[in-house]
Amino acid sequence: MFQKFYMPKRNHIKIYTLEEIFPAWDGLTPDERQYVKSNFTIQTFEKNQKIHSEGDIPSHVMLLASGKLKVFKQGLSKRPQIVRLLKPGNTFGYRAIIAKSNYNTNVVAMETSIIYMLKANIFINILQHNNAFCFFYLTDMAEDLGNSDKMAVNLTQKHIRGRLAETLLTLKEIYGTEEDGATINIKLSREELASMSNMTTSNAIRTLSLFFSEKLVDIWGKNIKIINEEELKKISKSG
């Protein structure tokens, strides 16, 4: 399905090599490293292009080399709920492969994104024969489970202000800031902010405007600059 091709030269996109970005690379033997390098493919996805959908049969483990992705589930009302954001270095798609199940989430590119693809059978073969590699992904899944539990509590028990403050702090933690050290390095629509914070779009707009009036953030378009991070942390913590 996926054909190997030369990496596109994009001056404005940082493309990491497998050695730089594969989080479990150090746990591979020299033969396994060569095995992976000889069998991976590369796929480029444009903004808003879907990588996989709920119900799809998994065929590859995927490693984000460049770009930003959002992982979401379609709710009963068909309203998408963002459950995770991915940055370069994140591996995804392997839980369904290990569980021998179909994907239970959707993944969409938020900007032009380049992904390393490794066939499922190759991943499973290494997983079954390399204890360090297996333990890495066991730890990774355990951390994801812990984060999911934390997110479930935050989105159901915190008030609206606490949820939005938590979302802004999480975005900064995941993607960092631009050169000014304060503007979050991702541009999200108000609908996406609302989806991450489990609130309506109107509530997200209203709460963000309040944060602006309280001089906690500065906003212009989809750019959000954190002005008073300590106060946002207090709001997030108090719920």
Inset, instruction - Kindly provide the set of residues from segment 68-126 that are touching a residue at least 60 places away in the same chain (Cβ under 8 Å) and aromatic (Phe, Trp, Tyr), ordered by number. - result: Phe72, Tyr116, Phe123
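Against the condition charged (D, E, K, R) and closer than 21 Å to Asp140 by Cα, how does Lys47 come out, does it pass? Steps first, answer last, please.
On the way: charged (D, E, K, R): yes; closer than 21 Å to Asp140 by Cα: no.
So Lys47 fails the test.
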Inset, instruction - Write out, first by first residue and then by second, each pair whose Cβ atoms fall under 6 Å of each other, whose residues are 6+ apart or on separate chains, and whose first residue, in segment 147-168, is assigned by TED's automatic domain parsing to the domain that holds Ile82 while the second is of a type outside the set (A, V, I, L, M, F, W, C) and exposed (fewer than 13 other Cβ atoms within 10 Å of the Cβ). - result: none
Inset, instruction - Would you check if there is a residue in segment 88-97 being within 13 Å of the chain's Cα centre (by Cα), assigned by TED's automatic domain parsing to the domain that holds Glu54 and either basic (Lys, Arg) or part of a strand (DSSP E or B) (or both)? - result: yes
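Let me confirm something: among Thr91, Thr29, which residue is surrounded by fewer than 17 Cβ atoms within 10 Å (Cβ to Cβ) and either within 23 Å of Ala132 (Cα to Cα) or in contact with a His (Cβ under 7 Å, 6 or more places away or on another chain) (or both)? I'd like the intermediate steps shown before the answer.
On the way: Thr91 fails: surrounded by fewer than 17 Cβ atoms within 10 Å (Cβ to Cβ).
Testing whether each residue is surrounded by fewer than 17 Cβ atoms within 10 Å (Cβ to Cβ) and either within 23 Å of Ala132 (Cα to Cα) or in contact with a His (Cβ under 7 Å, 6 or more places away or on another chain) (or both) leaves just Thr29.
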Inset, instruction - Being in contact (Cβ under 8 Å) with a residue 12 or more places away in the chain and more than 18 Å from the chain's Cα centre (by Cα) is the filter here, so list the residues in segment 34-57 that pass it. - result: Tyr35, Val36, Lys37, Asn39, Phe40, Thr41, Ile42, Gly55, Asp56, Ile57
Inset, instruction - Quick one: count up the residues across segment 195-235 that are among the β-branched types (Val, Ile, Thr) and free of Cβ contacts under 8 Å to residues at least 40 places away in the same chain. - result: 4
Legend entry - Residue ID - nearest to Thr170 (Cα to Cα), chosen from residues in segment 205-235 that are part of a helix (DSSP H, G or I) and in contact with a strand residue (DSSP E or B) (Cβ under 7 Å, 6 or more places away or on another chain): Leu232
Inset, instruction - Inspect segment 129-144 for any residue being in contact with a helix residue (DSSP H, G or I) (Cβ under 8 Å, 6 or more places away or on another chain), in a strand (DSSP E or B) and in the same structural domain as Asp26 (by TED's automatic domain parsing) and give the result as yes or no. - result: no
Legend entry - Evaluation of Pro58 against (1) in a loop (DSSP other than H, G, I, E, B); (2) surrounded by fewer than 16 Cβ atoms within 10 Å (Cβ to Cβ) (one fails), failing number: (2)
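Report whether or not Ala165 is within 27 Å of Asn48 (Cβ to Cβ), in contact with a Phe, Trp or Tyr (Cβ under 9 Å, 6 or more places away or on another chain) and buried (at least 17 other Cβ atoms within 10 Å of the Cβ). Explain how you work it out, then say what you get.
Values: within 27 Å of Asn48 (Cβ to Cβ): no; in contact with a Phe, Trp or Tyr (Cβ under 9 Å, 6 or more places away or on another chain): yes; buried (at least 17 other Cβ atoms within 10 Å of the Cβ): yes.
No; evaluated as a whole, the condition is false for this residue.
The values are calculated or read from the model by the stated rules, or taken from the named source; none is laboratory data. This is a predicted model, so every value here is computed, not measured. Because the Cβ atoms are built from the backbone with ideal geometry, glycine has one as well, and the counts that use them run over all protein chains shown.
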